[in-house]
Every structure is written in structure tokens, then in C-alpha cells.
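Down below is the structure, laid out as C-alpha cells.
Each value in this text was obtained by applying a stated rule to the coordinates, not by laboratory testing. Quick caveat, the model's predicted, so the values are computed rather than measured. Methodologically, a virtual Cβ is constructed for each residue, glycine included, from the backbone with ideal geometry; neighbour enumeration extends over all protein chains shown.
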Amino acid sequence: MKRRKFITGSSLAGAGVALSPASSLLAANGAEPIQADLLIKSARVYTMDGTRPLAEAVAVMGDRILAVGSNEDLKSLVGPGTREIDGTGTTVTPGFIDAHSHPDGSNEVTGANVNLRSIAEIKAAMHAQAAVTPAGQWVIGNKYDDTKLSEGRPANRRDLDEVVPDQPAILRHRGGHTAVVNSRGMKVAGITVNTPDPEGGSFGRENGELTGFVAEKALLDVIYNAGEWPEITRAVRQQGVALMSRAMVAAGLTSTTDSWGNVESLVAYQDARAAGELLTRLSFMPGGETEFFSNLKSAGIRSGFGDEWIRFGAVKYAADGSASERTMRMSTPFNGRPDDYGILTMNQAEIDAAVDDAVANGWRIGIHTNGDVAIDMALNAYERALQGWTGSNPRFRLEHCSLVNPELLQRIKDTGSVPTPFYTYAHYHGNKWVDYGPEKMQWMFAHRSFLDYGIPVAPASDYTPGPFEPLMAIQSMVTRMDFKGRVWGPNQRISVAEAMKICTINGAYASMEESIKGSIMPGKLADLVILAADPHDAIADEIKNIPVLQTIVGGETVFEA
């Protein structure tokens, strides 16, 4: 920290400075006046601090916020070594936080990007990928989205057969729970039209033939264990982390979450950090029911272990299917599919055992629960674990928590659980909500209801299934309007101020780190974003277009437009 002793927020307050004039602030024992390393002045600063929500200037020393106030308050902190940023006309917020994502980036640097808008384009991309994939290996397409295709239908195995006839090929849906596999891939996996669906999964069939569609455990346990897959090396994984880290800070994210981490991704984050390529802080949620998690428990590792850059969060389990891929488990069927209620991937006994094991080993837990049936099952386990609880709120998490109702909302409130609903989905995935219909959408991604019940709802992209850009998230939560101008669940709209709070301090609360980040206060980490305009003043359906001018993590500029 150069030559100056670090000063905490409490000592600043003791000196009478925090948010008051700093002209009298001197170092201990009458030494030289304290000087900031960075001063942002003449900006509109949203602090997310209830005692003073707006300010004009922020001073930073080392990796911490030194003081917050007016230009006049902080001018005495400027010295010869102070870097000054004139924020006239700009808006400063705490660094944005994503409480549920998958940011290791390995898929971004392997396989073809098939986030395209026609089957014809996807076929061309897969044909090109096959040309560079060694014979016999799976030809991979990533970020496939079945509802955004100009042909008005999803891709199927025959589409893939036309361009990749001799190698197994797969289109992995950006949601991560389903895929489309070609005929060769089905043969490699030993799948025929007569193969029974595995428990918790399904193979698509139509007119007595396989369509190539695979869902949930049919993908995870069958397809992914068949044949030879391209090797993802340690170096490639590090490259993926670096790529995603740059993209995220460019969008204003300063903290993110790996919501199903494994040992390879943990190594990749550490490799990237050692190389100076990890630009966002990370909450790391290991996948449950894995050898990796067993080894962590055996080593005595528990939630909270780590530091301000990489810290272990909750252990992650998955109890049902996907919202965007229309496989989540609900008490009522999908529109137009009267016999389809979605898929459960855990039963109640398995959920209970996972919660008991997490608690016994010092872990918080987050359970992937999209549909109301799965949410109910997770809450059953949480309520059971909390009987006779004498400690502080363990902040059990409900990952996604997509479809709720008043009874579930009250139980979430009573258990102190933290829901992490998708924050860009209403806007980005509009075509998919037709399968749920207007009535269900009144209770999906229910940010308004969570706030009304006093529930600290967290910000969550679930990238790659959803875009991670926080400004798109704010727009989506405020408008609930998709790309085509359709509004899904207008009763769940919230204000810009509420959305910004969700994307900052609520994100910190979700990882139990609200004491060190999520708001602009003396002593907290100097994670800041400078925007070209104020989202409060922008046209609501243009918020996502506000430029990010600068992203600062730990007092260092990691992105500048």
C-alpha cells in the first residue's frame, strides 16, 4: 500500500471523516496529511449506502475506498501522486455483481459458436468446425438457441447429418440442459428409438423416430459419457477465464460467481490470477455429488475459505430442469403440452441428504430449483434443517427460483433463503415464454414480489443461458419487455433504483460479502463503475445501451472505453 498505513472505515469514522469534510484528516501522530491514490470528482455517485445514497466524489487509497462526499469534502485528500478523474456528466455506481454464472469460458474457446439466427448458418458453422476437429471426436457447437431461428423450428439430427455425417456432432443449448445430437452421435452413445428414457432425462421422438433432442440426464449421464471428446487443456481453460474476465469487466461486472465449479476450473481461475488475467472477483460454488466436493470436505475446506479474489461460496446441487429450455418441474403443465410438467433430477430424500451433508460440513448450499415443485422440495429440506437452529442465518440459496406463488414467497422469507432469479431473461428470452403463458409469467422471475416480501433477491445471469450484462439486466427488470416489444409479467416490474440495488449490494449479500463490497463506503473494496449516463434518466428500453466508460477493481482500472 505504498508508504501509507491502511486506514479502515471505522478509523475514518473515528476521525470524523467518512462522509463529512476531510480537510482535518491527518495520519496518526501528526504525520503528513493522508493522500488519495485516486479521486473521482464532479460525478453523480450512487453509493447504495442508506445513510447517504448520493454523493459527488469518491477517494480511493490502495484497494479501498477512503472517503465519500462532495468535491469540497475530499479536496484536501489530493496530493502530488493522486490520479484524478473528472466525472462531470457521468454516473458512478458500486461494481456490479453477478450471483449466479458459469464464467470459466472453456466453451468460448472450443467448438463453434452457433449463437446464430438460422439453421442454415448453424449448419455452415458446424461444417467448418468438423473440418478442424480430429476424426472420430465430437464436433461441438455452443450457445445454440432454438427459439431465435428464422426457419421457425428447432434444429434436428437430420440437419446435422447433412453437414456432419461421419463424426458425432452436438449442438449444446446455451441453457446447458438440452442439446441436439446427430445420427452418428446417437449411434456412438448406443441410443435407438427403443432406448428408454433415463430417470430424470429424455430423448426426443417424433413419428416413431429420434429427433436428436436430448434433455437433462440423457445429456449429462449418457451423451457426455459416450465417444471421444476434444481435450480441453489447462492452458485452454486459462485462456477461457481470461477471455470471459475481459468481457465481464467491459460490461461493468466486478464480481461474478461460478455456480458449478470443478477442480479444473478452480485451477484455471488461479492460473489466470497468477498471470494477472483474472479481472473480476469470484465466488466459487463447487458442484455437489462430485469427487471434487468430497475432497474439499475431507480437506476441511468450507464456505468462506479464500480471499477477496477467490472465495468458496455455497455447494451447488440441481433438482430440476431449465426455464429457457422448458424442462423445469411445475405443478401445472406447459402451454399446449398437457402431459408435460417438466423434469425432476433429484427426489426429496436426495435433497434432504444434500442439505444435511452441507450443514454438517460447514457449507452453505444452493439448489437449482426453477419450477414451483422443485422450490417446494428445497424449502422442505431447508425448513427441516432449520428446526432448532441457533446460529446466524445460513442464507440457504434457491438457484433460479423461477416460478413462485404467495405460499412459497412466505416460506422463502421465513427461512431467510436467498433466491437468484434470472435477471436478463424477461428481455432476452421472450420467445420462450409462450410455452408458459401470461398467467405463469405473472409469477416468474418475480423481482417485484421478492422485494414486496422483504426478500433480498440476488442478481443472476446464469451465463451462458442468459446474457450477463448488468445494464441489460436493469432494463429487463424495469420493463419486462422482450426484443419484439412483448411485455411478460408487467406486475413484476421494479424501479431503476431497486434494480441497481439488486445488482450491487444484494449481490454481495448473496455471497455473504456485504461488509466488504456492494456499496461505496469508506473501508470497502474500491470496486467501481463509471457510466456515460444515469440509468434513472434514460429511456427505459434503452438502458442496456448506456456505455460503460471505466471499470475499477480494487482501485485499479481494468477496463476503459
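Treating the chain as a set of equal point scatterers at the Cα positions, no solvent, please give the Debye-formula log₁₀ I(q)/I(0) at q = 0.06, 0.11, 0.13 Å⁻¹. With no solvent term, the Cα-only Debye profile gives -0.31, -1.01, -1.35. Magnitude of the charge dipole for the range 91-244, about its Cα centre and with charges confined to Cβ atoms of Lys, Arg (+1) and Asp, Glu (-1), is about 200 debye. Spherically averaged projected area of the convex hull of Cα atoms, the range 111-225: 6.5 nm².
Restricting attention to the range 234-556, the count of lysine pairs at 8 or more positions apart or across chains with alpha carbons under 18 Å apart stands at 7. Dividing the summed -39500 (n - 2.57) terms of all DSSP H runs of n ≥ 4 by the residue count of the chain sets its mean residue ellipticity at 222 nm at -7000 deg cm²/dmol. The alpha carbon centroids of the range 440-502 and the range 187-203 are separated by 37 Å.
Measuring between their Cα centroids, the range 349-423 and the range 211-275 lie 26 Å from each other. About its Cα centre, the chain has a charge dipole of approximately 820 debye under the convention of +1 per Lys or Arg Cβ and -1 per Asp or Glu Cβ, with nothing else charged. Peptides 167-173, 36-42, ordered by how many other C-beta atoms sit within 10 Å of their residues on average, highest first, read 167-173, 36-42.
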